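The next block holds one structure in the form of C-alpha cells; read it before the comments.
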Amino acid sequence: MGSISDETVVENVDAPTYAPSLPVPNVQELVKEDPLQVPDRYVRDQDGILQVNDMSWLSSEIPIIDLSLLSKGNKEELNKLDLACKEWGFFQVVNHGVAKRVLQDMKDATAEFFELPLEEKNKYAMPPDDIQGYGHAYVVSEEQTLDWSDALILVVYPSQYRKLKFWPSTPKGYKDIIEAYSKGVKDVGVELLRSFSTIMGMDQDALLGLHKELVQAMRVNYYPECSRPDQVLGISPHSDTSTVTILMQEHDKHGLQINHNGGWVPVKPVPDALVVNVGDVIEILSNGKYKSIEHRAVTNESKARISYASFLVPHDDVEIEPLDHLVDTQSTQKMYKKVVYGEYLRSSMKRRMEGKAHTQMAKVET
Ligand code: OGA
Ligand code: NI
C-alpha cells in the first residue's frame, strides 16, 4: 500500500471550499491556563436548563443493528433498520467489518495529535475562508454562544478533493491511519446506502447513483473537560446536513445526546460499535419518513472526550427532493422543496448550528 507522503503537498485546484468561520479561542488552551474558568461566551445556561428533559432511561432502547445481516439482505434486520430510522433517526452498528486495529490506531494517533503543543497543531490551522484544518467551524457572529470544543476537519473522499496541507504529519503515520479509518467507514457507508435504497423501495445501488460522487468529510471533535458541564455544550443542538453520519466514540465516555420526543437521550457507547444517524438528505428524499434527528454533545467534568464523525454527502451538483414513489405511496404532498445539495450545505454552514433550522428552510410552506 502506498502511503501519503509528508513532503509533497500539491495544492489541488479542483478541491471545493465550503464556508468561512470567525476566529475564536482554543478551548483546550483555555482549560490548560485555568481549569476553573468558563468565559461568558461559552455559558448558555445559568439555570441548569440543559439538565431538563433528561430521558437517559431510554438509552438502552436505541437500536443496535448487525451490518453483516443487512448486507446479506436479511429481512428482519432490514425491518429493524426501517423502524430505527422512523422512530429514532439514530442506531449503532455492530459487525460492521472495520478492523478493531484500525479503530484503535485512529484513537491512539488522534489522542497524540491533540496532546501536541498548540503551535504544532496550528501548522494545520483552518484558514479564515474555509473549514478544513484544525480550529472551529460554524462561528458566524461575535455574539453567538460558543461550543466547548476544538476540531480537526478534513475532506477525505473523493481523494482529489483532499487538501493535504491540513493533514497532520505528526504523529508519524497519522495520515495513513486517517486514510485507513476513512476507507473502513466508507465501506460501511456504502453498505448502509444499499440497505437504505432497499427500505426506500429502490434498487440496491439507487442511492449511491443519486449521489453522483460520494463525498466524505471527517470531523474529529475534541471536547476538553469542563468545570461547569451544567452550563456549556460541547456541540450545539443540530441535525447533520449529510446523507448519513457515521460516528466513533470512545467506549468509556459519555457525551452524545439525541432528541427523542422532546427529551435528551444519551447514546451510550457500545464497545467497537459505530453510531449512525440519518442526515437531512435522507429526510428530504424520504419526504420526512426518516428523520434527521437533532443531537448535541455535553462535556464531562473530569475527562476530555474525542469523537470521530464522518459525513457522507452527495456531490455539490446533485438536486435533492422527495422521491416521487415515496410521496405517492404515502398519499401526501411533497413536504420539501428541491434543493441543490452544494447550496444547501453552504447555506447551512453560514448559520450557526441551530437545531433543525436548515431542514426547516427546505420545507414547503403550508
Ligand atoms: C457532529 C456531532 C457528536 C459527538 O460532529 O456533527 O454531532 O458526539 N458530534 O461528538
Ligand atoms: Ni452531528
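Only the coordinates and a few stated rules stand behind these numbers; no lab work does. Note that the structure is a prediction, hence the values are computed from the model and not measured. Cβ coordinates were reconstructed from backbone atoms using ideal geometry, including for glycine residues, and neighbour counts include every protein chain displayed.
The figures follow:
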item	result
Where a label projected 7 Å from the Cα of Asn12 along Cα→Cβ would reach, residues of segment 211-226 with amide N under 14 Å	213-218
Fewest-first ranking of Ser197, Ser286, Ser59, using other Cβ atoms within 10 Å as the exposure measure	Ser59, Ser197, Ser286
Segment 153-227: translational diffusion in µm²/s, Stokes-Einstein, Kirkwood Rh over Cα pairs, 10 °C, 1.306 mPa s	111 µm²/s
For segment 1-123: rounded, prolate or oblate by the Cα gyration tensor [a/c cutoff 1.5]	oblate
Interchain or long-range residues, amide H under 5 Å from Val155's placed H	Lys163, Met218
R0 of 35 Å, Cβ-Cβ distance Val52-Asn74: FRET efficiency to nearest 0.05	0.30
Lys/Arg +1, Asp/Glu -1 at C-beta; segment 241-358 dipole; positive extreme among Ser302, Ala357, Pro271	Ser302
For segment 109-147 and segment 174-206, distance of Cα centres in Å	27 Å
Residue order, fewest to most beta carbons within 10 Å, for His251, His358, His136	His251, His136, His358
Loop-resident sites, segment 134-190, for GluC sites (Glu not before Pro), counting at most 10 other Cβ within 10 Å (DSSP)	Glu142, Glu143
Protection proxy ranking of 109-120, 220-231 - average other beta-carbon atoms within 10 Å, highest first	220-231, 109-120
Relative compactness, the chain, computed as alpha-carbon Rg over 2.2 N^0.38 Å	0.95
Signed unit charges on C-beta, dipole axis of the chain, positive-most listed residue Trp57, Ile4, Ala217	Trp57
Check: segment 253-296 dipole with +1 on Lys, Arg Cβ and -1 on Asp, Glu Cβ, in debye	140 debye
Part-to-part distance (alpha-carbon centres) for segment 56-79 and segment 284-334, which is given in Å	18 Å
Longest to shortest principal axis, alpha-carbon extents of segment 74-171, angstrom	52, 38, 29
Cα-centred dipole magnitude for segment 82-219, charges only on beta-carbon of K, R (+1) and D, E (-1), debye, nearest 20	480 debye
The chain: DSSP helices with Cα axial extent of at least 20 Å and average Kyte-Doolittle hydropathy no lower than -1.0	100-115, 174-199
Linear extension gain, Met361 paired with Lys212, 0.36 nm per residue minus alpha-carbon span	51.3 nm
Magnitude of the charge dipole, the chain, Cβ model with Lys/Arg +1 and Asp/Glu -1, debye to 20	440 debye
